[in-house]
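The values are calculated or read from the model by the stated rules, or taken from the named source; none is laboratory data. Owing to the predicted nature of the structure, the values given are computational and were not obtained by experimental measurement. Note that we place each Cβ from the backbone using ideal geometry, even for glycine, and neighbour counts take in every protein chain shown. We work out accessible area using only protein heavy atoms, side chains counted, and drop any ligands, DNA or RNA first. Shrake-Rupley method; radii C 1.70, N 1.55, O 1.52, S 1.80 Å.
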Amino acid sequence: MKPAITAILLAIAGHAHAQQDAFAFSYRGMHLDVARHFFPKEVIYRYLDTLAVYGISHFHWHLTDDQGWRIEIKKYPRLTSIGAYRREPDGSTYGGYYTQQDVRDIVNYAAAKGITVVPEIDLPGHASAAIAAYPFLSCHGRQIEVPARWGIFRDIICPTDTAIRFFQDVLDEVLTLFPSPYIHLGGDEVPKHQWRQSDFVKQLMKKNNIKYYRGVQRYFTEQLERYVESKGRRCILWGEAVRGGASPRSIIMSWRDKYAGIRAARKGNEVIMAPRFYCYFDYPQYFSEKKPAFWMTYLTWRKVARFTPHSVWLTKRQNEKIIGAEATLWTEYVPDEKKLWHQLLPRLKYFSEALKKDR
Ligand code: ACM
């Protein structure tokens with residue numbers, strides 16, 4: 001190769017290296033929801049390629065939600081044979097899932113690019129697909145369908161020993177597939193209606209002296225948290241899962257705003273900031289676009305560029321608990337790859353830049 005070209009290439013490589021060094025946070029996450037819309041393995045590869053360019057260190061793979069269970073679990077095949085498919089309003093069937101071999105391939109591909117894949121099994125809410133596959137997981141035990149509309153559903157996991165054992169089995173397979181030090185157990189948006197109507201839950205509360213329904217969520221999550229910790233890993237939980245407390249080893253992902261993260265950092269938990277007004281890439285980014293859903297606001301790249309993971313409400317020591325930040329890409333309104341890139345770019349670049357600031 002000509003010396004001039006070599007010099008230029010080295011300069012570029014050196015620049016990229018210096019940029020990597022400049023990051024102020026060890027956890028630089030990008031998320032993808034593959035439950036609302038499914039993206040084949042090749043798209044995940046391209047997604048990872050792009051994440052690597054911008055120095056993203058963790059790919060948060062949202063594998064389960066109401067509208068689809070997307071990871072093969074050998075012990076419970078109905079999770080994918082039933083839970084990975086939904087009947088659309090037009091009568092067609094929509095779905096898909098990743099085999100365990102797909103998962104291994106993706107984890108290895110990411111690792112080669114320096115990216116850790118963090119799987120999420122969202123519990124006890126956002127779990128309709130699992131309940132459609134195994135109705136005994138809910139408190140009412142009725143057969144339901146995998147929903148084909150968006151929102152927050154009342155069908156949630158019942159905190160029975162059977163259900164807890166079921167998800168420990170699921171986690172056994174997840175922990176084998178993913179070497180990540182972190183496993184995301186979800187915990188967001190859990191309507192408690194069905195627990196309020198359940199005699200089992202009433203008994204459970206009495207027996208364990210639990211006063212509030214958020215304590216029931218804590219009871220459920222704690223057993224999976226302990227299980228994950230007994231295997232030498234740690235859990236990540238969405239902010240509201242912490243209202244009943246959290247293991248001191250769990251990492252809190254603050255998504256509604258920074259406040260859950262601020263409280264968690266004060267209690268000594270590690271925190272990942274993902275406040276929706278700065279980090280939700282499913283929101284439209286140009287004012288010329290129509291807002292697809294009422295819960296969204298506009299998120300321009302200029303606003304992303306102003307994001308700081310740290311908080312002025314925390315001391316220097318408390319701010320050190322903030323190990324990083326994450327941007328999310330929920331896919332209710334992202335049906336295909338074209339829309340995926342539209343939502344991701346150019347905001348990912350500005351998000352990456354924001355993680356170089358430490359204040
Ligand atoms: C979330 O956006 N429900 C975490």
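For the chain, take the longest principal axis of its alpha carbons; what is the angle in degrees between that and the long axis of helix 161-177, to the nearest 10 within 0 to 90?
20
Could you do me a favour and compute the accessible area per residue for the chain, 1.4 Å probe, result in Å²? Walk me through the intermediate numbers first.
Working: 15900 Å² over 359 residues.
Normalised by residue count, the accessible surface of the chain is 44 Å².
Could you tell me the center-to-center distance, by alpha carbons, between region 98-155 and region 258-337 in angstrom?
Region 98-155 and region 258-337 have Cα centres separated by 23 Å.
So what are the three principal axis dimensions of region 284-342 from its Cα atoms, in whole Å, longest to shortest?
Principal extents (largest minus smallest coordinate, Cα): 42, 21, 20 Å.
Gain in length, residue 349 to residue 111, computed as 0.36 nm per residue apart minus the alpha-carbon separation, to one decimal in nm?
83.6 nm
Can you compute the helix-only [θ] at 222 nm over the chain? Use -39500 (n - 2.57) per DSSP H run of at least 4 residues, normalise by all residues, nearest 500 deg cm²/dmol.
Estimated from H runs of four or more residues: -11500 deg cm²/dmol.
Quick check on my link table: of 303/349; 41/338; 211/321, which ones sit more than 19 Å apart, alpha carbon to alpha carbon?
Where the Cα-Cα span goes over 19 Å, the pairs concerned are 211/321.
Which residue fluctuates the most in the chain, going by a Gaussian network model with Cα springs under 10 Å, if the choices are 164, 236, 121?
164
Which is the longest run of the chain containing none of the chymotrypsin sites (Phe, Trp or Tyr not before Pro) found in DSSP loop states (not H, G, I, E, B) with at most 12 other C-beta atoms within 10 Å?
Excluding the exposed sites themselves, the longest stretch runs over 1-211.
Quote to one decimal, in nm, the extra length available between residue 259 and residue 90 on full extension: 0.36 nm per residue of separation minus the C-alpha distance between them.
The span from residue 259 to residue 90 would gain 56.7 nm if fully extended.
Report, in degrees rounded to the nearest 10, the 0 to 90 angle that the Cα long axis of helix 3-21 makes with the longest principal axis of the chain.
40
Using DSSP to define loop residues, name the trypsin sites (Lys or Arg not before Pro) in region 17-103 whose beta-carbon has at most 13 other beta-carbon atoms within 10 Å.
Here the sparse-neighbourhood loop sites are 74, 75.
Given the options 230, 81, 247, which has the most mean-square fluctuation in a GNM of the chain, springs set between C-alpha atoms less than 10 angstrom apart?
Largest GNM mean-square fluctuation: 230.
Quick check on region 171-233: what are the equivalent-ellipsoid semi-axes from the Cα gyration tensor, as sqrt(5λ), descending, whole Å?
Details: eigenvalues 153, 31, 17 Å².
Computed over region 171-233, the values are 28, 13, 9 Å.
State the cysteines of the chain left without a partner when partners are defined as other cysteines whose beta carbon lies under 4.7 Å away.
Cys with no partner Cβ under 4.7 Å: 235, 279.
Roughly what angle does helix 41-53 make with the longest principal axis of the chain, taking Cα atoms, 0 to 90 degrees, to the nearest 10?
50
For residue 316, go through the lysines and keep the ones whose alpha-carbon is under 23 Å away, minus same-chain ones fewer than eight residues off.
Cα-Cα hits under 23 Å: 258, 267, 356, 357.
Which of these, 184, 31, 342, has the largest mean-square fluctuation under a Gaussian network model of the chain (Cα springs below 10 Å)?
For the chain, modelled as a Gaussian network with Cα springs under 10 Å, the answer is 342.
So, R0 is 35 Å and r is the distance between the beta-carbons of residue 303 and residue 188; what FRET efficiency does that work out to, to 0.05?
0.95
Expressed as a whole percentage, what fraction of the accessible surface of the chain belongs to carbon and sulfur atoms when a 1.4 Å probe is rolled over the protein heavy atoms? Display every interim value, and only then the final one.
Working: 8550 of 15900 Å².
On the chain, the fraction of accessible area on carbon and sulfur atoms equals 54 percent.
Could you work out the percent of alpha carbon pairs in the chain separated by over 35 Å, rounded to a whole number?
22
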